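Read the structure below first, then the notes.
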Amino acid sequence: MANRFILNETSYHGSGAIEAIAQEVKARGLHKALVCSDPDLLKFGVSQKVLNVLEKASLAYEIFSDIKPNPTIENVQAGVAAYKAAGADYIIAIGGGSSMDTAKGVAIIIENPEYADVRSLEGAVDTPNKCAPIIAVPTTAGTAAEVTINYVITDPERNCKMVCVDPHDIPVVAFVDPDMMATMPASLTAATGMDALTHAIEGYITGGAWELSDMFHIKAIEIIAKNLRAAVNGDPAGMEGMALGQYVAGMGFSNVGLGIVHSMAHPLGALYDTPHGVANAIILPTVMEYNAEATGEKYREIARVMGVEGVDAMTQEEYRKAAIDAVKKLSADVGIPADLKDIVKAEDIPFLAQSAFDDACRPGNPKATSVEDITKLYESLI
């Protein structure tokens, strides 16, 4: 069987990368942007850094900011209307996963209007046309939405997050500029950084993993483990490392899938508006323990690149525990809660477990699971 790999056409990395936006826009013959960015990024001047580049080059744009964390169907539909009203021919998405995912939904519907209900985009959908061009500028070091073929939209009526997988939604250019991430509060840096680690670990052990994806994921785990603590403490070099690490993780998992850490985290975002990175970070060690028996020797390599010494002398049980302990230690060091006691209500667990089982990320889990197993995992965390 052939393994498909999809990446950005072009990406720029490093401090000052956004300065190249104007030349990319002009080279592609684009004329007017709909800038998708959330209200806080506009309020605190983060998005203005990109707008300054556009204005300096006399490039036209209009702003769309009707975007919330865990964006909804309504946000996407409002964005489609704004794109049409602006007479835009491309999108610049500035932000974390919420801005990126909204932009992807908008861009897909612009070129595939038969999906205007948004709900019909859930799952792996074979849309006929490539989306309107997206230029992606991440402001968090975690989601890697700028390099993935996935996006997640909340359906408030069903209290669920719809995972949408579509090769046609990947941005044409990504500008991964750590200067755009420098204003993140420490708590957001920690949460998005642990989201990136979850991407890398789940992508590394998923059933669809193979040599090329393993190369990206194991390197991403190493980069994140080396840099997340420093990034949370405000070190610019640490943030630059995280900007790269999360992107490298995205290059992998977008092409092979994830697992039940993500499928369990998604319902928490839909029901409680829990930040996605926080949910992943809390759930990850528990699910690593659950999945351990189905991971071969991969936990040894996770432990190795996370700085554990002497892994080659360890038994399988020892290196698996060492990998899990290294993840727990990193999570604790950056201030992530150890459980879901302040988030999950016990009476909601049956709904959460069924939602997690039905989630598009669940089939990628390396160990076959069930609603009953997922119920027990939630219960162990409260």
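The values are calculated or read from the model by the stated rules, or taken from the named source; none is laboratory data. All figures in this text were calculated on a predicted structure; none of them were measured in a lab. Glycine also receives a Cβ, built like all others from the backbone with ideal geometry; neighbour counts cover every protein chain displayed.
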* **Flag for Tyr115 being hydroxyl-bearing (Ser, Thr, Tyr), in contact with a helix residue (DSSP H, G or I) (Cβ under 8 Å, 6 or more places away or on another chain) and farther than 20 Å from Cys160 by Cα** => no
* Asked: Quick one: which of Ser355, Ser380 is among the hydroxyl-bearing types (Ser, Thr, Tyr) and surrounded by 14 or more Cβ atoms within 10 Å (Cβ to Cβ)?
  -> Ser355
* Structure fact -> Note on Ala132: of the conditions (1) part of a helix (DSSP H, G or I); (2) over 13 Å from the mean Cα position of the chain (by Cα); (3) within 24 Å of Val118 (Cβ to Cβ); (4) not hydroxyl-bearing (Ser, Thr, Tyr), unmet is (1)
* Among (1) in contact with a helix residue (DSSP H, G or I) (Cβ under 7 Å, 6 or more places away or on another chain); (2) surrounded by fewer than 24 Cβ atoms within 10 Å (Cβ to Cβ); (3) modelled with pLDDT of 95 or more - the single one Pro128 does not satisfy -> (1)
* **Filter result (among the β-branched types (Val, Ile, Thr) and either over 19 Å from Phe5 (Cα atoms) or at pLDDT 95 or above (or both)) within region 131-162** => Ile134, Ile135, Val137, Thr139, Thr140, Val147, Thr148, Ile149, Val152, Ile153, Thr154
* Within region 131-171, considering residues that are among the aliphatic types (A, V, I, L, M) and farther than 17 Å from Ser11 by Cβ, the one surrounded by the most Cβ atoms within 10 Å (Cβ to Cβ) -> Val152
* Asked: Name the residues in region 72-122 that are among the small types (Gly, Ala, Ser), outside any helix (DSSP H, G or I) and modelled with pLDDT of 95 or more, would you?
  -> Gly87, Ala88, Ala93, Gly95, Ala116
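Can you name the residue in region 279-314 that is part of a helix (DSSP H, G or I) and without any contact (Cβ under 8 Å) to a residue 24 or more places away in the chain and is also surrounded by the most Cβ atoms within 10 Å (Cβ to Cβ) among such residues? Explain how you work it out, then say what you get.
Our first condition is that a residue be part of a helix (DSSP H, G or I); within region 279-314, this holds for 279-294, 298-305, 311-313.
Still in the running and without any contact (Cβ under 8 Å) to a residue 24 or more places away in the chain: 300, 303-304, 311-313.
Numbers: Arg300: 19, Ala303: 25, Arg304: 20, Val311: 19, Asp312: 8, Ala313: 8.
It comes out as Ala303.
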* Can you confirm whether region 361-369 contains a residue that is in a helix (DSSP H, G or I), touching a residue at least 60 places away in the same chain (Cβ under 8 Å) and basic (Lys, Arg)? => yes
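If a residue has to be farther than 25 Å from Val305 by Cα, in contact (Cβ under 8 Å) with a residue 24 or more places away in the chain and part of a helix (DSSP H, G or I) to count, how many in region 330-357 make the cut? Show your work before the answer.
Within region 330-357, the first condition is being farther than 25 Å from Val305 by Cα, and the residues that meet it are 339-357.
Those still in the list that are in contact (Cβ under 8 Å) with a residue 24 or more places away in the chain too: 339-341, 343-344, 346, 348-353, 355-357.
Now narrow it down to the ones that are part of a helix (DSSP H, G or I): 346, 348-353, 355-357.
So the count comes out to 10.
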* To do: Evaluate the following for Glu222: is it surrounded by 24 or more Cβ atoms within 10 Å (Cβ to Cβ) and either more than 24 Å from Ala17 (Cα to Cα) or touching a residue at least 12 places away in the same chain (Cβ under 8 Å) (or both)?
  => no
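A quick yes/no check of all residues on (1) modelled with pLDDT under 95; (2) in the same structural domain as Pro267 (by TED's automatic domain parsing); (3) over 16 Å from Cys131 (Cα atoms); (4) out of contact with any strand residue (DSSP E or B) (no Cβ under 7 Å at 6 or more places or on another chain):
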residue	(1), (2), (3), (4)
Ala17	no, no, yes, no
Gln23	no, no, yes, yes
Cys36	no, no, no, no
Lys56	no, no, yes, yes
Asn70	yes, no, yes, no
* Asked: Which condition number in (1) of a type in the set (D, E, K, R); (2) within 21 Å of Ala33 (Cβ to Cβ); (3) crowded, with 24+ Cβ neighbours inside 10 Å is the one that Asp179 fails?
  -> (3)
* When region 315-325 is examined, which residues are found to be more than 22 Å from the chain's Cα centre (by Cα), assigned to a helix (DSSP H, G or I) and surrounded by fewer than 23 Cβ atoms within 10 Å (Cβ to Cβ)? -> Gln316, Glu317, Glu318, Lys321, Ala322, Asp325
